[in-house]
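Shown next, in structure tokens, is the structure this report addresses.
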């Protein structure tokens with residue numbers, strides 16, 4: 001036999017008509033072997049006769065091992081095809097006239113020991129076919145060969161227990177083609193049938209029959225779920241009346257599935273109506289004790305379409321009335337949905353169109369009070385930001401304490417609260433300096449703060465000690481402590497406290513920014529003390545204003561720079577203990 005001529009596949013070309021392979025250099029049909037080594041190893045080699053596949057075709061893996069061996073006659077699949085895995089045969093297919101007639105699968109355990117062989121034959125009269133095969137192939141195999149020699153199952157010496165253990169351990173077989181081997185529940189069912197047919201009177205047979213019934217039940221329930229029709233579930237109910245899947249409350253059981261199918265049918269009917277009443281009625285009757293019904297999208301979708309219907313009605317009402325009140329009501333009850341963002345924008349635009357004439361009137365009046373009234377009357381208008389700024393501009397342009405107080409009274413929620421407090425302080429100090437030619441004492445720019453977990457997170461506690469009897473000129477005075485501030489959560493406040501002689505008082509205020517003034521309640525010749533930088537009071541903390549005493553013509557705040565030990569101990573005992581009791 002002469003060696004055939006070999007051609008690298010890039011030396012060839014394909015002629016679609018009449019469908020033959022030619023040698024590129026001569027345009028002559030090839031007779032010989034075409035091969036491919038483009039990745040550094042022999043990938044495949046094919047035999048051709050007059051440009052047409054003929055004879056054995058081989059394919060190899062990267063390790064050079066044979067993976068597939070095919071046979072062709074005159075371009076048609078014919079004869080035996082063999083598939084290899086790790087140099088072991090795992091499949092054979094017989095072809096005749098281009099059609100596969102027989103498929104044989106081999107399954108191996110450890111040490112490449114053959115444990116099972118399946119044979120499937122083409123049968124055009126049967127309507128059960130495997131979807132994974134390109135051409136019709138019967139799903140259930142025609143013949144089964146389980147190699148009992150692994151279990152010494154030969155005649156009277158058959159090890160039935162070992163055979164049964166194999167059946168029980170079927171799903172854990174160490175097999176390279178296991179995914180394909182276990183693709184259908186029928187495989188395991190057939191194994192049980194085979195065991196029962198071979199060992200009809202064995203002690204394990206009754207257990208095998210029970211397991212077989214369970215397997216059939218699982219298979220048929222999967223089939224019913226795949227069909228997902230009421231008649232399919234009812235048929236399962238008739239076949240397995242005692243199945244736990246038919247019990248009330250069983251999750252994903254037949255009863256729940258039937259309920260869900262009925263719900264979906266009703267849901268589809270209501271979709272056509274799409275009314276608020278229909279969706280509310282559907283949701284009010286929805287079976288919340290049905291696990292699969294609650295996990296299905298029907299429930300959430302029904303809630304969505306209820307919101308959808310309500311939104312349609314609300315938008316129609318707002319559009320028909322066309323008033324500020326109707327569009328505001330739509331916005332107040334607005335629920336963001338996938339489609340209705342444009343409605344919200346349209347409502348805001350129409351509100352501004354309706355409100356704009358009123359805004360122009362308020363601009364002409366230019367009054368802090370009328371700006372507040374406008375904001376309260378038209379809270380959904382985009383002009384309210386302009387109203388806030390216009391009110392602040394009015395107070396700032398006038399730059400008088402009465403206007404600043406009016407601003408705080410009407411715009412305690414405004415963002416300029418701290419600026420107002422600062423401006424009022426500067427005006428008061430300039431008035432005092434002009435009238436009395438006296439400069440008030442200055443308190444520290446900030447106070448030390450201490451965490452106390454017994455204080456609410458929205459409150460700050462401020463401790464003041466009246467030490468006018470013991471320090472400085474030692475002239476006892478009743479103190480008047482006044483404050484004005486802006487709360488952190490919005491709003492302004494002001495007030496005062498009386499601190500008696502020798503009293504240590506704890507003042508509780510909301511967290512925020514504050515100005516304080518300390519003065520004698522009765523002797524106005526003693527100049528007051530105030531902080532000219534806002535004190536920030538933090539929720540959950542406390543701080544101390546120190547010892548208040550009379551120093552010359554001013555109230556003093558700090559402890560004397562170098563108090564004697566006796567003085568220090570006296571102060572500590574007399575005043576500090578009152579704070580320590582609280583903290």
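Just so it is clear, none of the values below were taken in a lab; they were calculated from the coordinates. Nothing here was measured: the structure is a model prediction, and the numbers come from that model. Neighbour counts run over all protein chains shown; Cβ positions are idealised from the backbone, glycine included.
Values as computed for the structure displayed
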{"quantity": "Ratio of Rg to Rh over region 1-80 (Cα coordinates, Kirkwood Rh, two decimals)", "calculated": "0.97"}
{"quantity": "Label point at residue 73 placed 7 Å out along Cα→Cβ; residues across region 42-58 whose backbone nitrogen lies under 13 Å", "calculated": "54-56"}
{"quantity": "Region 477-491 versus region 496-514: alpha-carbon centroid distance in Å", "calculated": "8 Å"}
{"quantity": "Tensor-based shape of region 448-582 (alpha-carbon gyration tensor, a/c under 1.5 rounded, otherwise prolate or oblate)", "calculated": "oblate"}
{"quantity": "Region 198-286 pair-distance distribution - Cα-Cα, 10 Å bins, rounded %", "calculated": "15, 33, 24, 17, 6, 4, 1"}
{"quantity": "Residue 494-residue 65 pseudo-label distance in nm [points 7 Å out on the Cα-to-Cβ vector]", "calculated": "9.4 nm"}
{"quantity": "Rounded Å value of the spacing that divides the Cα centres of region 312-367 and region 527-550", "calculated": "48 Å"}
{"quantity": "Computed FRET value (nearest 0.05) for residue 4 with residue 235, which takes r as the C-beta separation and R₀ as 35 Å", "calculated": "0.05"}
{"quantity": "Computed lengthening from residue 295 to residue 80, 0.36 nm per intervening residue step minus Cα-Cα distance", "calculated": "72.2 nm"}
{"quantity": "Length gained when the stretch residue 356-residue 16 is fully extended (0.36 nm per residue, less Cα-Cα span)", "calculated": "114.7 nm"}
{"quantity": "Simple label model, 7 Å out from Cα along Cβ direction - residue 363 to residue 89, nm", "calculated": "9.6 nm"}
{"quantity": "Region 238-317: translational diffusion in µm²/s, Stokes-Einstein, Kirkwood Rh over Cα pairs, 37 °C, 0.692 mPa s", "calculated": "237 µm²/s"}
{"quantity": "Relative contact order (percent, whole number), region 238-317, Cα cutoff 8 Å, 6+ residue spacing", "calculated": "28 percent"}
{"quantity": "Stretch gain in nm, segment residue 96-residue 261, where the contour uses 0.36 nm per residue and the Cα spacing is subtracted", "calculated": "54.6 nm"}
